[in-house]
1. Report those strands (runs of 3 or more DSSP E) wholly inside segment 1-41 carrying at least 1 residues which are open to solvent by 10 Å² or more (accessible area, probe 1.4 Å).
2. Scanning for something open to solvent by 50 Å² or more (accessible area, probe 1.4 Å) and within 15 Å of the ligand (Cβ to nearest atom), does segment 201-217 turn up at least one residue?
3. Starting from segment 221-243, keep only residues that are farther than 21 Å from Val23 by Cα, then list their pairs with residues that are at pLDDT below 95 whose Cβ atoms are within a distance under 8 Å, requiring at least 6 positions of separation or different chains.
4. List the number of the failed condition for Arg72; all other conditions in (1) at pLDDT below 95; (2) buried (at least 16 other Cβ atoms within 10 Å of the Cβ) hold.
5. Would it be correct to say that Ala175 is within 11 Å of the ligand (Cβ to nearest atom) and either open to solvent by less than 10 Å² (accessible area, probe 1.4 Å) or of a type outside the set (S, T, N, Q) (or both)?
6. Counting only residues that are within 16 Å of the ligand (Cβ to nearest atom) and of a type outside the set (Ser, Thr, Tyr), which one in segment 121-137 is most open to solvent (accessible area, probe 1.4 Å)?
7. Any residue at all in segment 256-264 that's away from the ligand (no atom under 16 Å from the Cβ) and over 25 Å from Leu42 (Cα atoms)?
Amino acid sequence: MQTVRLPDIDLAVEDQGSGPPVVLLHGFPLTHAIWAGQIAALAKKGTVPICAKHPPGRSGKWGLSPFSGRCRMIAPDLRGFGQSSITPGRVTIPQLADDLAAMLDALGVSEPVVLAGLSMGGYVAMQFFQAHRQRLRGLVLCDTRAAADAPEVARARLQTADRVEREGPGVLADAMLPRLFSPATPVRRPELVEQVRQMILGGNPRGLAAAARGLAERPDFTDLLPRIDLPVLVVVGSDDAISTPEEMGALARAIPGARYVQIAAAGHLSPLEQPAAVAAAMAEFL
Ligand code: MLT
């Protein structure tokens, strides 16, 4: 990890490989570490198996890809998360998107990037399209949604934010862990659940609370989708209980020309649960 100095905070950033830049944005309340499998697969030269078919609503077939390129994989801990600085109070999605533009400036990345975001990272990616379209070459929207919070969801988030500040990130681990994974994952790979539990527990309560307050007031991106004029890959775990395949399928259909890939045996954290399959879908797209 390196520290990237922005005007008002420091961001911790994983920056590996060289070639066309790909920026990876994590979900709430996690860190860049959820993308470890894709960073490892796509930052180095080698053949990545690709998804040869991706009909909407079905899992693809797997084959060997001609992708033997190499990308510069840039994965920050967003403001308030992981090893990055926190700003207490409220951190909005537009703020997180502007942080990315400042991060790219600080890293000297002037060419357009492919921006991949999981869940909250997807909200930031859509916001980045809205505010910094000229810096983008393509988008990967992973286990996310376009709609804003319904009023009762936003109210619950604000209450959760206050509780996290009082009681710590265990509140989030208890509430979220049961919904993050495909049903088979806790049985077959309990260590993965433990890894995510530790990731959540390692968060700074004030940083997480600030982000939760920002999520509660995030923009609704539904009307933006038909205006996205870039190549877009939509990825969803077949067992995602938070952003379901139905919701992600509708999101993909609303974006002109978007590709849609369903990842078998994955829930909301598809890059972590099925790293090779998600890396393969990205390799084909890239
Ligand atoms: C995430 O994974 O980032 C969260 O599920 C986003 C949210 O709570 O809206």
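1. 2-5, 10-16
2. The answer is yes; a qualifying residue exists.
3. Ser238/Ser59
4. (1)
5. So Ala175 fits the description; yes.
6. By that ranking, first place goes to Gln127.
7. Yes, there is a match, as at least one residue in segment 256-264 is away from the ligand (no atom under 16 Å from the Cβ) and over 25 Å from Leu42 (Cα atoms).
Here is a yes/no grid of residues against (1) among the small types (Gly, Ala, Ser); (2) at pLDDT 95 or above:
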{"site": "Ile39", "(1), (2)": "no, yes"}
{"site": "Arg58", "(1), (2)": "no, no"}
{"site": "Gly63", "(1), (2)": "yes, no"}
{"site": "Leu78", "(1), (2)": "no, yes"}
{"site": "Gly82", "(1), (2)": "yes, yes"}
{"site": "Ser119", "(1), (2)": "yes, yes"}
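The values are calculated or read from the model by the stated rules, or taken from the named source; none is laboratory data. The structure presented is a predicted model; accordingly, all values stated were derived computationally and were not measured. With ideal geometry, Cβ positions are generated from the backbone for all residues, glycine too; neighbour counts draw on all protein chains shown. All accessible areas refer to the heavy atoms of the entire protein, side chains included, with ligands and DNA or RNA removed. Shrake-Rupley method; radii C 1.70, N 1.55, O 1.52, S 1.80 Å.
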